[in-house]
Structures are given as C-alpha cells and as structure tokens.
Amino acid sequence: MQLTVPGEADERKLMLEQAVDAVKAGDKQSYEIIIKQFERQMYTYCFYILKNHTETEDAVQEIFIRAYANLHRYSSRTSFSAWLYKLAYHHLINLKHKKGRWLRLIEHYKDQQRQEQLPLPDSITQKLLIHLTIEERHILLLKAVEQYTFEEIGGIMGIGTATVRKKYERLRKKLIERAGQQGARVHGTISEANKTF
C-alpha cells in the first residue's frame, strides 16, 4: 500500500474515472492510463494465487482484456478498483477450476513451484501462506494488502459481509496458530484484531 499525499487519492480517482469515460466514448488510447494504474497491483494479486510467473502474466493480460470488453458494464456507483478486482477474482477462480480437472498437470506444476520460490519477505511467510485455501488467500490479500473493507470484499467475491468477516477471523487465527507452531512471531495487520470493520 502506497502512502498518498492528502488529495492525491481524489485526484487519482478523478483521473481514472475520466479515463474510463473516455474509453467508453471510444478513445482506446485512454485505456493505457487504466492499465498503468492497476498493472502492478493486479500482477501481485494474481501471483499470490497462481504462484507462477508465466500463468500470472497471462492472467493479468486476460483480466485487462476482459475489463476492456466489459467496461460498458462498469458503473461509477462502485469504485473501479473493486469492479476490476471482482473481475480478476472470478477469472482466477475459473482458472483454478480448470486446473483442478487435470490432476497430473497440477502435480507437474507443484514440482515447478518447488523450484520457483515466491518472492516473499521470508520463508516463514511462505510456509504460512501454503496452509491457506485459495479463498482464504483472496480474502487475506484483499483485506491485509489492498485494505478493502469487509463489505467491499463481499462485493468482489459475491458473498455476505458477515461471512467475509468470519472467514477472515478464522484465517487470521489459523495463521497465528501456525506461526506459533513454527516459533514465529506474527505482527502487523494479521496479529491485530483489525477491529476497524
């Protein structure tokens, strides 16, 4: 999460909304503004779910293509960021379902993943994330990294706010327990109760 100067977030949001309106009006070049704004965040989000650089690059490209094709469905009643993450979430879920159909292929990717280490701050973090389900990773990334509210996460994932809150609390306890078993200290957003619901 980048720190912003007061007013900078509003300025960015306005620039983004103007770019969306321009693309909807037929200015294809303005879509580059949208891509530049979200490319890095989208890559990080997808990589933590897919854990493979090539698949992540393909997924990010496909998400931006789908967002462009469906931009007419976007309404400024919700934030563009939440709309894009919802689209990404559903795309990643579909990818995971397709992968689940070919168990041998999954085993092959697991072998590759052992060779390609995740660029995480330390191996303890990596070990902790391995124990989370795909749904739990989505919730963790959207809450702790992207700092969405439980209501926004519910909208992105298509589940109720109370359900998201319960799932987040369960995964938080799961991570704290795992960290304790590994003799690690958990600090920051996860260890705190995150009571700003």
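The values are calculated or read from the model by the stated rules, or taken from the named source; none is laboratory data. Please read all numbers here as calculations on a predicted model, not as lab measurements. Methodologically, a virtual Cβ is constructed for each residue, glycine included, from the backbone with ideal geometry; neighbour enumeration extends over all protein chains shown. Accessible surface areas use protein heavy atoms only, side chains included; no ligands, DNA or RNA. Shrake-Rupley method; radii C 1.70, N 1.55, O 1.52, S 1.80 Å.
Here is how the numbers come out for the structure above:
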{"quantity": "Residue 19 surrounded by 12 or more Cβ atoms within 10 Å (Cβ to Cβ), of a type in the set (Gly, Ala, Ser) and farther than 24 Å from residue 95 by Cβ", "calculated": "yes"}
{"quantity": "So residue 57, is it acidic (Asp, Glu), surrounded by 12 or more Cβ atoms within 10 Å (Cβ to Cβ) and touching a residue at least 40 places away in the same chain (Cβ under 8 Å)", "calculated": "no"}
{"quantity": "Top-ranked residue in segment 37-62 [being within 9 Å of the chain's Cα centre (by Cα) and among the aliphatic types (A, V, I, L, M); ranked as modelled with the lowest pLDDT]", "calculated": "49"}
{"quantity": "Whichever residue in segment 34-49 is closer than 22 Å to residue 133 by Cα and in contact with a Leu (Cβ under 7 Å, 6 or more places away or on another chain) and, among such residues, is surrounded by the fewest Cβ atoms within 10 Å (Cβ to Cβ)", "calculated": "48"}
{"quantity": "Criterion (within 19 Å of residue 141 (Cα to Cα) and in contact with a Gly (Cβ under 9 Å, 6 or more places away or on another chain)) met by exactly one of 88, 82", "calculated": "82"}
{"quantity": "Helices (runs of 4 or more DSSP H) wholly inside segment 63-143 that include at least 3 residues being at pLDDT below 65 and not assigned by TED's automatic domain parsing to the domain that holds residue 28", "calculated": "103-115, 123-130"}
{"quantity": "Among residues of segment 149-189, those that are among the small types (Gly, Ala, Ser) and at pLDDT 80 or above, counted", "calculated": "5"}
{"quantity": "Unique residue being open to solvent by 60 Å² or more (accessible area, probe 1.4 Å), farther than 21 Å from residue 146 by Cβ and aromatic (Phe, Trp, Tyr) when the list is 31, 68", "calculated": "68"}
